[in-house]
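Structure first, commentary second.
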Amino acid sequence: MRKLNNAGLSLKSLMVIGLIGWSVSIQAQTYDVSHGQVYFGHEPLKYADAHSFVDLGRGYAKDRDNVYLNGRILEYVDPATFRLKDHATTHFRETRDMYDHGQGRHGYYKSQFNVYYGDKKIDASASSFQEVGGGYAKDAFNVFYHGKKLDASATSFKLMEGGYAKDAFNVYYFGKKVKGASAATFKYTGDGYAKDAFNDYYKGRKLE
């Protein structure tokens, strides 16, 4: 029995080591230029121009013709105007509530004419686009939460604490409308709690 147990432990150890090695190899993938060819990890990027290729960090890169994210070409992105903002301003501090709502680390980026959230182009005006904070952003016409357009008024929209935000008409909690909340009297009171002139709320839900 001891021999069998030892064999079982050895097999488990090998499996763990293999999984660790696989995880490290995935995380270690980077861009490399060698002998006139660009690579992401071990995969050659056959459309990349080695002479103008620049690694921008955080998985982004560009050459004279394209912008890349994790080795994939981002369509309709102009490499001449594409820039990454400073990490501290484009990625917001994540709270436990944000992870509970299934949000990962992503960021807004814009070129001269277009706005992107991660590797997806969003329907926003680059000239008037601004980040509000907490995953919210807006342009002259629309409000966005993690890249998704909200049914909200851009002119009156403002960020509150605790994941709440509001415009002149509605209140939002992590991008979802808080049903029945009075925007005019809505206030955040701390620890996920909020209230308006009529009701109390906890994490976006009305308390009975």
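The values are calculated or read from the model by the stated rules, or taken from the named source; none is laboratory data. Predicted, not measured: the structure shown is a model, and the values here were computed from it. Positions of Cβ are generated from backbone atoms using ideal geometry, with glycine treated the same way; all protein chains shown enter the neighbour counts. Remember, those area values only see protein heavy atoms, side chains included, never the ligands or the DNA or RNA. Shrake-Rupley method; radii C 1.70, N 1.55, O 1.52, S 1.80 Å.
Ignoring ligands, DNA and RNA, how do Lys148, Lys179, Lys110 rank by accessible area with a 1.4 Å probe, largest first? Don't skip to the answer; put the middle values down first.
Working: Lys148 150, Lys179 175, Lys110 70 Å².
The residues order as Lys179, Lys148, Lys110, largest area first.
Using heavy-atom solvent-accessible surface (probe 1.4 Å) with all chains present, what is the largest-first order of Ile122, Ile73?
On the way: Ile122 20, Ile73 65 Å².
Reading off the accessible areas and sorting them downward yields Ile73, Ile122.
Could you please report the charge total around Asn142, scoring K, R as +1 and D, E as -1 over all other residues with beta-carbon less than 10 angstrom from its beta-carbon?
Values: positive: Lys138, Lys149; negative: Asp123, Asp139, Asp151.
Result for the local shell: -1.
If each Cα of the range 131-202 is one equal point scatterer, what is log10 of I(q)/I(0) from the Debye formula at q = 0.11, 0.16 Å⁻¹?
Calculated log10 I(q)/I(0) at the listed q: -0.23, -0.48.
With a 1.4 Å probe and every protein chain left in place, tell me how much accessible area Arg72 has, in Å² to the nearest 10.
130 Å²
If each residue of separation counts as 0.36 nm, what is the full-extension length gain between Ala140 and Tyr202 once their alpha-carbon separation is subtracted? Please list the in-between numbers first.
Values: separation 62, 0.36 × 62 = 22.32 nm, distance 3.10 nm.
Full extension from Ala140 to Tyr202 adds 19.2 nm.
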